Each structure stands twice: as C-alpha cells, then as structure tokens.
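Novice: Here it is, the structure in full.
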Amino acid sequence: MMTKVRVEIPTALRAFAGNQDTVELAGETVGELLRELAAAYPQMKKHVFDDQGKLRNFVNVYVNDDDIKHLDKELTRVGAKDVISIIPSVAGGALTQQQIQRYSRHLIMPEVAMEGQQKLRHARVLVVGAGGLGSPVLSYLAAAGVGTLGIVDFDTVDFTNLQRQIIYSTGDVGRPKLEAAADRIRAMNPDVRVETHEDRLTSENALSILKNYDVVVDGTDNYPTRYLVNDACVMLGIPNVYGSIFRFDGQASVFCQEDGPCYRCVYPEPPPPGLVPSCAEGGVLGVLPGIIGTIQATEAVKIILGKGTTLAGRLLILDAMKMHFRELKLKKDPSCPVCGEHPTITELIDYEQFCGIRGEEMEARDLGKEWEISPRALQEKIRAGDDLVILDVRNPEEAQISRIQGSILIPLGELPERVAELNTADQMVVHCRMGGRSAKAVEFLRSVGFKKVKNLVGGINAWAEEVDKTMARY
Amino acid sequence: MRVVVPAGILERMRRHGEETYPHECCGFMLGSAEDGMQQIVEIRSQPNERTESRENRFLITPDQFKAAESAARKAGLQLVGIYHSHPDSPARPSEYDRDHAWPWFSYIIVSVKGGKADEANAWQLKDDRSGFEALKLEKGD
C-alpha cells in the first residue's frame, strides 16, 4: 500500500478543500501528490496548474523547508515523514495607462489582446542588417511593442541609403547606423530596449550573438552572411525570417521554423560570384524593401504571437513591375547538409570561401600593378596628350550619371561579342563605378590578346573624388 | 462580498503607494474572514522584490509569504489579502494581475497619479479565474 503524505493547503485554496488546512494523500513523488490533490479537489486544479498542465509560476511547492525547484522538481521523491506545503508567491502590476493607449488597437483584437501584447513585450528579435529591409522591420517591430530589438550592423549612413532606408534622415548621414537607428527607435517607442552589435557577423561571433534571441530577421545584402545566418539559426533552432530584394523583384520566406525547410534546402549552393549583381551594382526600387520588409515584420509578429500560418515551407516571390505575387512550395531536403537527416555541416564554416568571394579578391590582386592605373596617373596621360582609349564597361543608365570625357561605352556583359570594335594596338584604360567590373574586363581583354590595357583603380567614383570634384559620385 | 478596512489602515496603504511612486508598492493584509466579509486588522508592507519594471510590476517571494503567515498565526489573525499600487494607472486589476492572482484573497489596488494617491478599490478573483469581482470596500474605524 502506498504511504500517505501530509500536504499543507494555503489559506487561499482552503475553501476548495473543505476548509481543511492539511490533507493526506498517497503518492511517491511531488508530481503524483499534486495530481492526486487536483483529482480530489477539482476546483483547485486551475489555480495550481495552467492550461498545459504545468505548475503555475507563482505556485511554489516545498518539501519540508526546501523549494522543489532546488530538488528534483516534480520528480522529487517523498515519504511518510515529509510535509509538503504549497507556498504562494504573489505578483501583479499594471500596463501603464500610456501603454494601454499606445497598444489599444492591438488590445482590442482577439488575436493579440493583452496576452499577445505581453508576448510581444517579452519577445527578443534580432535584425541582421539595418538597411533597406531592416528599416521597416525595425520600425514596425518597435511600434508594435517588441520588448527587445537587437541590431547587427557596422556601417555608417550614406546619402545613397536615403532613397529606401527610411529609418534614417538626411541629418544622419555620416553617423553610425546603429546609433542613428537606436535613436529613432527610442523616439518612436521608449518601451523598446535596443541592443546594438557593432560588428560584422562572423562564424566566430554569430552563435553567441544569435543565441540570445527568439526570432532572427535576415536583412542582409550578401550571400556569405545569408548562409551564415541560416546555418546559425538551424544550429540554435531559431526561426529565420528571410527577405531579399533586387530592382523590382523581391522574395520572402520563413526558414528553420519547427519542421520547415532552411535556406540551404532551397539554395544548396551560392551562385557563382559576380553572376548575381547586388543592389549596389544593379540598383533597387526604393519602395521594394518597404514591401518585403513589412512582410518580414508581419511574419516575426505572427511567430511571437503563435498565431496564423507563416511562410514556412513557402517562398513568396514578388514582381513589383507587374505587381504580381507568386508562391513556390518549399520542401525540407532530407539530405540538406545543415538541417537534413545526416548533417555534414555541424559547426559554422568560412562563408566567404564557401561563396567564392575570397577567391575573387585573390584574382583581382593577381591582376598586378602593371595592369592598373590611378586616377591621377590617368589625368597626367590625358594632359600629356597621350593617344588613349578610355573604355567604360558600366551600364548605359550609369553613364548618364557621370562620364569621363571621350570615353566609349561597352557594358561588361556585351564585351565578348563587341570586342572586335576595339584595337589591340591601342593604349587602353578600362573603368566602371568602383573598379570590380573593369578588373574582370581587363582580365578578359588580356585573355584575348590585349597587352596595353589598364584598370582604373577605384573606378569613376575615385576619379570624381581625386580628379574632377564637380562630378557626381553614386 | 465586502472588505472592511479601518480608515487609518487605508491611509497607510495610500501613503505607501506615494512613497514608492513611480514604483509599485505591495504588502499583506491580515485580519479575519467570515461568510461574505473580511475585516482587515493589520497590514504588513513588503519591499517590491522585482529587480526591473517596478513601475508596473510587483513581486512578493515565498519566503516573505511564509514569514507573513507565521506572523499572522502568532497574532491570532489570518492572511486574508494583498494590497498593491498602480502608478499612473487605474485602480483596476490588469490582465497580469489576473494571471497571477490567488482565489479567496482580497486584493486592494490603490491608484497613484503623479505621486498622489487617488482612488482605491477592492477585488477578488473569480473561482473560474475568468476575471475579478469588485468587492465593496467599507471604511471602518
């Protein structure tokens, strides 16, 4: 026969136990005794256990003088000589009147209500990249009352950001993005705690930064960081709200949520470096990050509230030129190297190398000094009246912004088919915006027999900076 | 149900709320309980054990609770309820209060506006935890 154990009932619950201050129940562990108690006095149950059947957090159970939290919790074994007591802790408090007003449009919605607003308040969201996507994400999550917002960025605000990065104002140009964004968020909603991480996210720091957050929102603009964020989220089991933008095209999804796929299930390999231009190279419609970023913010809020169906397992594709949304079904790949059945990537790797970016830098350096020319040296040659062809390999739209006088325009992509327009005997200087595309052009020209070609270091922007200060930089 | 509180004791609760403003104050109410009536005889103010958000949260630990229960026993009284303040917020229980409330206890909430104690109301959690019932707060001598 099972031994009976004495359980002391606190005053607040005695009315449910026939006004007894002590009852005797059979059980070998604290958990068994408490369930016996709830079975014997059903009205007491909802005051001791929550809807999930867990002990309410203000119900403390002691075995003699020890809190079971410091013993084996509900598995703590008990015998006939032990006395079990239920000791309340008491908590309470208000949302301030101002907070009630601020969130009133949430509080009156059944899907949010007070409970959801408290979830938002206790939520911790990390936004990687405070740029085009990060701007609306941070703004809306701050306004919604997300209690803690972490931001990773190491850039300063630049004039070229202002066309789409709406969290910054003209007066912020030159300021660190983290500082300007944190100021703006605090001004919007002083309830929000901002945690700034002024660092490039790396394989060394990613896990220790991400592990402190409930949801990660990816607002990065490059492949190495995107794979890094994905892999770290898989390893830590944190949902990753993904978005990407280019010109008129956008994508959004939710990765690593419960049993859903991860970014690698969809894109196992990065594109070859240079194939997919970045926004800095190809441009982006200013409102596009506004659309995709607000979708990401919506998904983050739904994940926190635990309401609705997220984009997990679906890739939302936007063509803003046609204003057409499309959806692709995504499946978890059982052979995915990070989240599959037999993962081969179990710790963070070198993502720059994985994306082939370090390799590209090496090639650019291999070009060698004899294949380069500085803006000043070019200016000297022009002044000296040297016979010289200046080849611009940018797109025609870029040539409308700035142009070195006398240059001829052949966009990089058209160079192989139009190379016959050039003469190998000519002295030639090739340029683009920053020097990357023109380096590829020089390499190509070299491979087809041009020997007198040089790359303009730093591109037309360096020319504008050092030689012709009246010229626009972009 | 009604709660009878001597005017001097109610005044002490109000003053406690003003002293801790802009943070919440909290404490135990000791007295006797019989059908349909609680008589408050004594209060024991407690430090708010929260380390953050004290402007809208309070916490009383199990150790404080055990000490108050034994003090009540020695005085021949019962622990019958809890009082706390709502700085710049109405004297109504919040959702957080409901989530953390105990049945049977009476809860007196003092609203403190801009550092000055305002109205005070008494409440009791409904047995099904669905909300609070307003109690009649009577001033005794």
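Novice: Largest first and in whole Å, give the semi-axes of segment A:263-329's equivalent ellipsoid, each being the square root of 5 times a Cα gyration tensor eigenvalue. Working shown, then result.
Specialist: Values: eigenvalues 116, 61, 30 Å².
Equivalent ellipsoid semi-axes, largest first: 24, 17, 12 Å.
Novice: Ok, one more. Neighbouring Cβ atoms within 10 Å as the yardstick, rank B:ARG50, A:ARG105 fewest first.
Specialist: Working: B:ARG50 18, A:ARG105 9.
Exposure proxy ranking, most exposed first: A:ARG105, B:ARG50.
Novice: As a check on your grasp of the helix formula, calculate [θ] at 222 nm for chain A: sum -39500 (n - 2.57) over DSSP H runs of n ≥ 4, divide by the residue count, round to the nearest 500. Write out the running numbers ahead of the final one.
Specialist: Details: 20 runs with 161 residues, N = 474.
For chain A, the value works out to -9000 deg cm²/dmol.
Novice: Determine the shape class of segment A:169-219: with a ≥ b ≥ c the square roots of the Cα gyration tensor eigenvalues, call it rounded for a/c under 1.5, and otherwise prolate if a/b is greater than b/c, oblate otherwise. Present the calculation step by step, with values, prior to reporting the outcome.
Specialist: On the way: a/c = 2.78, a/b = 1.49, b/c = 1.87.
Oblate is the answer for segment A:169-219, as a/c is 1.5 or above yet b/c matches or exceeds a/b.
Novice: Let me ask something else. By per-residue mean of other Cβ atoms within 10 Å, what is the highest-first order of A:115-125, A:453-463?
Specialist: Details: A:115-125: 19.1, A:453-463: 22.7.
The densest-packed peptide leads the list: A:453-463, A:115-125.
Novice: How far is helix A:288-305 tilted off the main Cα axis of chain A, in degrees rounded to 10, range 0 to 90?
Specialist: 20 degrees
Novice: With an 8 Å cut-off on Cα pairs and a minimum separation of 6 or more residues, tell me the relative contact order of segment A:123-359 in percent.
Specialist: Details: 487 pairs, mean separation 48.9, N = 237.
The value is 21 percent.
Novice: Is there a pair in A:LYS119/A:LYS307; A:LYS440/A:LYS469; A:LYS369/A:LYS451; A:LYS46/B:LYS126; A:LYS381/A:LYS454 whose C-alpha atoms are over 19 Å apart, and which pairs would that be?
Specialist: Details: A:LYS119/A:LYS307 12 Å; A:LYS440/A:LYS469 27 Å; A:LYS369/A:LYS451 14 Å; A:LYS46/B:LYS126 12 Å; A:LYS381/A:LYS454 13 Å.
Check vs 19 Å cut-off fails for A:LYS440/A:LYS469.
Novice: Enumerate the amide H contacts of A:VAL217 below 5 Å, restricted to partners 5 or more residues apart or on another chain; note that Pro and chain-start residues carry no placed amide H.
Specialist: A:LEU126, A:VAL127, A:VAL128, A:VAL241
Novice: Mean separation of Cα pairs under 8 Å and 6+ residues apart, divided by the residue count of segment A:368-466: what relative contact order is that in percent?
Specialist: Working: 154 pairs, mean separation 34.9, N = 99.
RCO, segment A:368-466: 35 percent.
Novice: Run the simple label-point estimate for A:ILE401 and A:SER104 please: 7 Å along Cα→C-beta, distance reported in nm.
Specialist: Taking the simple label geometry, A:ILE401 and A:SER104 are separated by 4.7 nm.
Novice: Using Cβ contacts closer than 10 Å as the measure, can you line up A:LYS69, A:LYS469, B:LYS66 from fewest to most? Mind dumping the intermediate values first?
Specialist: Working: A:LYS69 13, A:LYS469 8, B:LYS66 16.
Ranked by crowding around the Cβ, least crowded first: A:LYS469, A:LYS69, B:LYS66.
Novice: Under a cut-off of 27 Å between alpha-carbon atoms, report the lysines in cross-link reach of A:LYS81, not counting same-chain residues fewer than 8 places apart.
Specialist: Within the straight-line cut-off, A:LYS81 pairs with A:LYS4, A:LYS45, A:LYS54, A:LYS69, A:LYS73, B:LYS66, B:LYS74.
Novice: Choose one answer from B:HIS23, B:HIS86, B:HIS100: the residue with the largest mean-square fluctuation in a GNM of chain B with alpha-carbon springs under 10 Å.
Specialist: B:HIS100
Novice: Let me ask another. With a bin width of 5 angstrom, please list the P(r) values of segment A:368-466 as percents of all Cα-Cα pairs, from the 0 bin to the one holding the largest distance.
Specialist: 3, 14, 28, 28, 19, 8, 1
Novice: Given Cβ point charges of +1 (Lys, Arg) and -1 (Asp, Glu) and nothing else, what value in debye, to the nearest 20, does the dipole of chain A about its Cα centre take? All intermediate terms of the calculation are to be shown ahead of the outcome.
Specialist: Values: 54 positive and 64 negative charges, 218 e Å.
Around 1040 debye, computed over chain A.
Novice: What is the dipole size for segment A:217-357, taken about its Cα centre, with +1 at each Lys and Arg Cβ and -1 at each Asp and Glu Cβ, in debye to the nearest 20? Could you put the intermediate results ahead of the total?
Specialist: Values: 11 positive and 16 negative charges, 123 e Å.
In debye, rounded to 20, segment A:217-357 gives about 600.
Novice: On each of the three principal axes of the Cα atoms of segment A:208-258, give max minus min coordinate, whole Å, ordered largest first.
Specialist: For segment A:208-258, the Cα extents along the three principal axes come out at 34, 21, 14 Å.
Novice: Bin width 5 Å, alpha-carbon pairs only: give the P(r) of segment A:368-418 as whole percents, running from 0 to the bin holding the largest distance.
Specialist: 4, 16, 24, 22, 22, 11, 1
Novice: Let me ask you something else. Placing unit charges on C-beta atoms (Lys and Arg positive, Asp and Glu negative, everything else neutral), compute the dipole magnitude of chain B about its Cα centre in debye, rounded to 20.
Specialist: Numbers: 19 positive and 23 negative charges, 44 e Å.
Rounded to the nearest 20 debye, it is 220 debye.
Novice: Another question, then. Let a ≥ b ≥ c be the square roots of the eigenvalues of the Cα gyration tensor of chain B; is it rounded (a/c under 1.5), or, if not, prolate (a/b larger than b/c) or oblate?
Specialist: Numbers: a/c = 1.27, a/b = 1.23, b/c = 1.03.
Judged from the Cα gyration tensor, chain B comes out rounded (a/c under 1.5).
Novice: What base-10 log of the normalised intensity I(q)/I(0) is obtained for segment A:4-88 from the Debye formula, alpha carbons as equal point scatterers, at q = 0.12, 0.15 Å⁻¹?
Specialist: -0.29, -0.46
Novice: Using a/c under 1.5 as the rounded threshold, could you call segment A:176-284 rounded, prolate or oblate? The axes a ≥ b ≥ c are square roots of the C-alpha gyration tensor eigenvalues, and prolate needs a/b larger than b/c, oblate otherwise.
Specialist: Working: a/c = 1.75, a/b = 1.22, b/c = 1.43.
Verdict is oblate for segment A:176-284.
Novice: Show me, bin by bin at 5 Å from 0, the whole-percent P(r) of segment A:58-202 based on Cα pairs.
Specialist: Over segment A:58-202, the share of Cα pairs per 5 Å bin runs 2, 9, 15, 14, 11, 9, 9, 9, 7, 6, 4, 3, 2, 1, 0, 0 percent.
Novice: In Å, what is the Rg of the alpha-carbon atoms in segment A:123-359, and how long is Dmax?
Specialist: Just the Cα atoms of segment A:123-359 yield Rg and Dmax of 16.7, 51 Å.
Novice: Using Cα-Cα distances under 8 Å and only pairs 6 or more residues apart, what relative contact order does chain A have, in percent?
Specialist: Numbers: 836 pairs, mean separation 44.7, N = 474.
RCO, chain A: 9 percent.
Novice: State the three equivalent ellipsoid semi-axes of chain A, derived from the C-alpha gyration tensor as the square roots of 5 times its eigenvalues, in descending order and whole Å. If you can, show how the numbers build up before the last one.
Specialist: Values: eigenvalues 780, 112, 68 Å².
Taking √(5λ) for each eigenvalue gives 62, 24, 18 Å, largest first.
A short reminder: the numbers here are calculations on the coordinates, not readings from a lab. Being a predicted model, the structure only gives us computed values, none of them experimental. When we count neighbours, we look across all protein chains shown, and the Cβ atoms used for this are built from the backbone with ideal geometry, even at glycine.
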